[in-house]
Each structure stands twice: as structure tokens, then as C-alpha cells.
1. Go through the residues of the range B:111-120 one by one and say whether even a single one is within 12 Å of the ligand (Cβ to nearest atom), open to solvent by less than 10 Å² (accessible area, probe 1.4 Å), at pLDDT 90 or above and not polar (S, T, N, Q).
2. I'd like to verify a number: residues in the range B:131-142 that are open to solvent by 50 Å² or more (accessible area, probe 1.4 Å) and within 11 Å of chain A (Cβ to nearest Cβ), how many?
3. Which is modelled with pLDDT of 95 or more, open to solvent by 70 Å² or more (accessible area, probe 1.4 Å) and within 14 Å of chain A (Cβ to nearest Cβ), of B:Ile28, B:Ile60?
4. For the range B:70-110, enumerate the residues that are part of a loop (DSSP other than H, G, I, E, B), more than 16 Å from the ligand (Cβ to nearest atom) and on the phi < 0 side of the Ramachandran plot.
5. Here are B:Thr47, B:Thr33, B:Thr100: which of them is touching a residue at least 24 places away in the same chain (Cβ under 8 Å) and within 14 Å of chain A (Cβ to nearest Cβ)?
6. What is the number of the single condition among (1) open to solvent by 10 Å² or more (accessible area, probe 1.4 Å); (2) more than 21 Å from the chain's Cα centre (by Cα) that A:Phe133 does not meet?
7. Would you say A:Lys287 is touching a residue at least 12 places away in the same chain (Cβ under 8 Å), touching a Phe, Trp or Tyr at 6+ places or on another chain (Cβ under 6 Å), charged (D, E, K, R) and under 23 Å from A:Ala156 (Cβ atoms)?
8. Examine the range A:269-277 for a residue that is open to solvent by 20 Å² or more (accessible area, probe 1.4 Å), in contact (Cβ under 8 Å) with a residue 40 or more places away in the chain and closer than 28 Å to A:Glu161 by Cα, and state whether such a residue exists.
Amino acid sequence: MAEFKPAGSMYEWFDQRLGIDKFVKVMMTEYWIPKNINFLWAMGVLLTVMFTLLVVSGIFLLMYYKPDINMAFDSVNYTIMQEVAYGWLFRHIHAVGASVVFLIIYIHMFTGIYYGSYKKGREMIWISGMLLFMLFSAEGFSGYMLPWGQMSYWAAYVITEIFGGIPLIGGDLVVWIRGNFYVADATLTRFFMLHVLLIPLAILGAIVFHFYSLRFPHVNNEAGEFFDFDEEAEKYLAGDKKNSKVVPFWPVFLSKDFFVLGFFLLFFFYLVFFHYSFAMDPINFDKADGLKTPAHIYPEWYFLWSYEVLRGWFFEIAGISGKSLGLIAFGFANAIFLVMPWLDRSPMVKPANQRPYFKYWFWLMIADLMVLTEFGKLPPTGPNAWVGFGASLTFLVLFIALPFITKAEAKKVGGK
Amino acid sequence: MMMDESRRGFIGKAFGAVAAVGGVASLIAMKKTWDPLPSVMSAGFTTVDVSGLEANKLEIAVWRGKPIFILKYTEDMKPTDGRSVKVGDHYYSVMVGLCTHLGCIPGYENDRKMFKCACHGGEYSADGRQTFGPPPRPLDIPPFKIDGVTLVLGEEGPEYKAMMAKAGGA
Ligand code: FES
């Protein structure tokens, strides 16, 4: 053990034992962030704050929630909403937060795509980010089921039923996942465990990994410019702050983030206090009934696009049933973003508007996702079914075409 | 020296083998912990007395948490081979009342003698064959046994086996 001199202050005492000085340097004051990034780069901090809010509000809900099919509905709608002082506040923060967190994730994700931040050395950031997206999806879905309302029940029913589409083992797998032949108490208690323990743990791990993977290639910037972070950092430390292209994470960069965060939180609490109902489906205020289906089942808004890809295929093609086609397309839609770094074959890291072909692809994809989201909520009958089919097909075609488009673009721009 | 290396290698491999066995064993235990409980498995029987049912009026029983459609045929409804069953003097349809598309519960329209699933417009005939819309296959038939005038759901009787044999052949 190193020899410890008597500490002159409490700070020094801790510093000797925990290396606080060093830690603060590495994590904050000498963690370098490019200067030219806009408010879209604040989404990471927003997400960290949102996740914290969700954990804290979740802890308070956890004290009164009862994971039992006979008590769950009342523990939420009576105990938490009526009896617990400020129980409604924690429920609304949690419900609105779960919805808004997806809004921010999508902005974060499409910012990454727009600026090419998944390319050239940043693949691991992208992959860990997509992993986080999947974990958040599982977290959102498992939590949606807990209030044991009609929509919760049938969402759980339909989603678990999806596994039945897997050849051979499907039927048994569904029973295994549910722990019963239908969505029952066993299903509720295991989803409760997933929602409050296992998935949050995995999310925490993935967040740490996501931040870690960011340290090597560093944060991308608005121009997609490449520069030497060490050199720029030296300039900054030498006092040439004006010419240096980087600023320290704390306090300079975070002050800008806090500004965005301030606006965001105003918006968030405006929703929590005045428009919380958008995050709560009216059907979910009927208690779950396994023998009565709601006329029309749909998920929360953030899953609508992939839900529409799932059910957009309503007729059989080449002897494959519409149901299987939907399942295949659904699997594709959920996995394809993961391989973005390899689908984009153009080496150029530039914002989409400076890329001759990619810009069209990007906005088409966004438009298609919007159409899918819109029609995912509508009953899939008549012309709706055809729009849904068209948009689902467009989605697949866009991603299959991406390597070719970007290859052609690379040729056009760089000749390599 | 050589001796030491191989000894170390052996210990490493032995440890790896023990760990692998332990790992597989715990995976099996974890999988089984998630299996439905024995009480769930044994609660899988429901009996329904069908003699008192009214013709062309849908009766819904519950078996394993699922709605089971039991429809008694009127005199002029034709029984279908492989999908209708005779109990006593009458023919019946016995089916799991969950749309084979996405699992909604179809409703019975007795004037048109057919099932309609409101979710995405799927339609089925009175014996459960899909006639329109997205459902990929007829309504499923739950395992049943006929015992006099009662239907035992959850047990595979000879009539059920005969039906399944037909479905398999088709
Ligand atoms: S669930 Fe019945 S038609 Fe879709």
C-alpha cells in the first residue's frame, strides 16, 4: 500500500483514497466535446435525466403496486390514484415519462442517422444504442402490462402470441413465456420482475457501455469533421480556447445542455400536469377481461410503426400466409437498424443534406415511418389495409436499397 | 517446467468442464422455473353438459382461460366432415373462440349463421372455416371427449382423434 500522508482537509482525505481529482478530470473537466454541435446533441443528457426520473417515480409506485391479478388494477387506479398523497403525480410522471422517453430516443437515433454518427469507428456506439432501444422497448412493454387494464391485457396477449409464429416450438414457447395457457397471474408476476429488476439492471449496464464506447471515437459534430482531439485539447489547456475545436464536458458543454434540458423539462411537466391523458388509453381503465376483446387493439404510439409492419401483410404471397409474412417483416424491421453502419457503404461522414442521394433516402424513411405510425392506429380495413401494406413494403425496400444507394453515392462523390 | 505447464492446462480444462456442467444444469433449472406450475397444468379440464343448449345460439365455455365456442346445429344446418361432432342426436361445432389471425374473439351472427371478427374483418362459417379476411386457418378445435351428453374439454377422445387425423390428411 502506498504511504498516506496525514490529510490536511476532508477533501484531501477522500482524494487520497478515491482519487477524486483524477476522476473528475477524466469524467468531466477533461472529457472533450466538439464545439460545433447543436441542441440535438443534448438528447443524451435528456435521456439520462428521463431515466433517472423514471427510476425515482417507479420506486414510489413500487411501494403501493400489487403484482396480483386480483389486486393490480385497484392498487393502481384506487390506491395510488386516490389514496396515496401525490400518488397521481408519480403515476403521471411515470406514464408520461415512458412515452416521452421514446420521443427523445427517436430524436437521438435519427440525429445519429442524419449526421452519420454510426459510421467509421462509431459502430459500437450505434450498436450499444440500438441495444438500449430494444431494452427500453422491453421495459416499456412489460410496464404497460402491469396496471392490468383491458388494453394492457390484450397487448400482452397479442405480443406474447407473436412468439407462436416461430416454427415448431411456437405453441409451447407461448405457454412457457406466459407460464399458463393464457395471460394469467404467472404472466403478470414474471413481467413485474422483468420490469422492476432484470431489465432495468440490463439497461444500467448498457448505458455504462454506451458511454464507454463513446470515449474512443469521441462525439461526432455538426459538420462530420474529423480532427485530433488530443491536439485540440492541448490548445484548450494551453489557454487558446478560441482556436481550440473542443470544450470540456463540464462545465462548458453541460451548461448548454442544461439550457436545452430546462426547456425540455418545462414541456415535460406541462404534459405531466395538463396533458397526462395522452399517455393513458381510456380502454385501460376497464379491468382486464380475458373473455372480452376490445373492438380495436393497438399499442402505444411509439410501437405503432413496427405494429403496422407486422399487420400490414394481410394476404398470402407465394404460399406464405399473411401472418408469417408480417412476422418476417416485423423481425426485419426490428433488427435492420442494428446493421445500419454496414448498410451505409459510403465512407463519407457528413450531414444528410450534404449527401447527394442519402438525403432523399433519409427523408423518405422518416415520411414512411410517419405513415406507418399514423395507420398503425387506424383499423386496418378497406383502403387503410392497402396503405399499411404499401408503407410496410416501402420500409423493406428502403433498407434493401440503402447499400446500393450509398455505394452509388460514394462513387459519385469520391470515386472510391 | 513442461510438466508444470501441462498440469496447469489440465487443471484449467477440468475447471472449465465442471463450470460447463454447472452452467448447463443451472440453465435447465432456470428454464423449468419458468414452466407453468403443476397446478396450472392439472387445471386443464372443463366439462359442459350440451343437452340443454339451444340450437343456433352460441354457448361460450371457458377452458384454460380461453373462450370455447359450442354451437348446436339447427335441423337445416349441414354438418361438415371433420369439423362437426355428434353428441346424442344433434350436431355441434366445438372450437376455440379466438381468431386465428391475432387472437380477438369473433362474434356469432345467428341470422347469417356465421362468425365475424370485428378486429380486422375476418369471417368464419358456422363450423369455423375461414371464409374471408386475414385469418390464415380455421378456428382451432380444442381436445375433447364425449361422455354421454357432456363434453370433457382437455381430454383427447376418439372423436377428437378422428377429427385430427382428417385435418392432418387434408
Ligand atoms: S384478429 Fe380477427 S381478423 Fe384480425
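1. Yes - at least one qualifying residue is present in the range B:111-120.
2. 2
3. Just a single option satisfies the conditions, and that option is B:Ile28.
4. Matches in the range B:70-110: B:Tyr73, B:Thr74, B:Glu75, B:Asp76, B:Met77, B:Lys78, B:Pro79, B:Thr80, B:Asp81, B:Arg83, B:Asp89, B:Asn110.
5. Only one candidate qualifies: B:Thr100.
6. Exception for A:Phe133: condition (2).
7. Judged against the criteria, A:Lys287 is a match.
8. Checked against the condition, which is being open to solvent by 20 Å² or more (accessible area, probe 1.4 Å), in contact (Cβ under 8 Å) with a residue 40 or more places away in the chain and closer than 28 Å to A:Glu161 by Cα, the range A:269-277 yields no hits at all.
The values are calculated or read from the model by the stated rules, or taken from the named source; none is laboratory data. Since the model is a prediction, treat every value here as computed from it, not as a measurement. Note: ideal-geometry Cβ built from the backbone for every residue, glycine included; neighbour counts use all protein chains shown. Areas reflect the complete protein model, heavy atoms only, side chains present, ligands, DNA and RNA absent. Shrake-Rupley method; radii C 1.70, N 1.55, O 1.52, S 1.80 Å.
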